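Visitor: The structure that follows is given in the form of structure tokens.
Each value in this text was obtained by applying a stated rule to the coordinates, not by laboratory testing. All of these numbers come straight from a predicted model, not from anything done at the bench. Please note: Cβ atoms are built from the backbone with ideal geometry, for glycine as well, and neighbour counts cover all protein chains shown.
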Amino acid sequence: MVNDAEKFKAEDEMVKKKIEAKNGFENYCFQMKNTLNDEKLKSVFTDEEKTTIEEAAKDGLQWLEGNQDADADAIEGKQKELEAKFNPIMMRVYQ
């Protein structure tokens, strides 16, 4: 019985990590899309930056939808890809 509890604990931790990664990634995509509508910032973005953010966020959400069985590491890796696209834009906007 104790062995089963340990086994399930490890599985529960993996599921928890996956759910947290999924939620974090999804929130990140929506947050980036929402910054385009921020009254203080929307005039600062170029048309190219707006397109990049919209398409990358959309692609990220579509990837997440199509990869429901992806593990936490894959989701976190995909988020890092998006961050690599978004961070240079956001650094320029906030300067």
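Visitor: By how many nm would the segment from GLU20 to GLU76 lengthen if fully extended, with 0.36 nm per residue of separation less the alpha-carbon distance?
Guide: Full extension of this stretch gives 19.2 nm more.
Visitor: In addition: For segment 18-73, with the dipole built from +1 on Lys and Arg beta-carbon atoms and -1 on Asp and Glu ones, taken about the Cα centre, which of LEU36, GLY24, THR51 lies farthest toward the positive end?
Guide: Most positive-ward Cα: LEU36.
Visitor: Give me the distance between the Cα centres of segment 34-77 and segment 1-31, rounded to whole Å.
Guide: Measuring centre to centre over Cα atoms gives 23 Å.
Visitor: For segment 42-92, what log10 I(q)/I(0) values come out of the Debye formula at q = 0.21, 0.32 1/Å, with one point per alpha carbon and no solvent?
Guide: The Debye formula, applied to the Cα set alone, gives -0.76, -1.23.
Visitor: Now for a different question. Rounded to the nearest 500, what is the 222 nm mean residue ellipticity of the chain from helices alone, with -39500 (n - 2.57) per DSSP H run of 4+ residues and division by all residues?
Guide: That comes out to -28500 deg cm²/dmol.
Visitor: About the Cα centre, and with charges only on the beta carbon of Lys, Arg (+1) and Asp, Glu (-1), how big is the dipole of segment 1-44? Nearest 20 debye, please.
Guide: That gives a dipole near 240 debye.
Visitor: Ok, one more. For THR46, what charge total do you get from the other residues with a beta carbon under 13 Å from its beta carbon, if Lys and Arg give +1 and Asp and Glu give -1?
Guide: Net local charge, THR46 excluded: -1.
Visitor: Can you give the percent of C-alpha pairs in the chain whose distance is more than 15 Å?
Guide: Pairs farther apart than 15 Å: 64 percent.
Visitor: What does the extension gain come out to for VAL93 and LYS9, with contour length at 0.36 nm per residue minus their alpha carbon separation?
Guide: Taking 0.36 nm per residue and subtracting the Cα distance, the gain is 25.8 nm.
Visitor: Putting +1 on Lys and Arg Cβ atoms and -1 on Asp and Glu Cβ atoms, find which of LEU61, ALA74, ILE89 reaches farthest to the positive end of the dipole of segment 1-93.
Guide: After comparing all options, I get ILE89.
Visitor: Expected output is a single nm value to one decimal: the length gained when fully extending between LEU61 and GLU48, i.e. 0.36 nm times separation in residues minus the C-alpha distance. What is it?
Guide: Working it through step by step, the gained length comes to 2.7 nm.
Visitor: Straight-line reach from LYS7: which lysines fall under 18 Å, measuring Cα to Cα and dropping same-chain residues less than 8 apart?
Guide: Within the straight-line limit of under 18 Å, LYS7 reaches these lysines: LYS16, LYS17, LYS18.
Visitor: Taking 8 Å as the Cα distance limit and 6 or more residues as the minimum spacing, I'd like the relative contact order of the chain as a percentage.
Guide: Computed value for the chain: 37 percent relative contact order.
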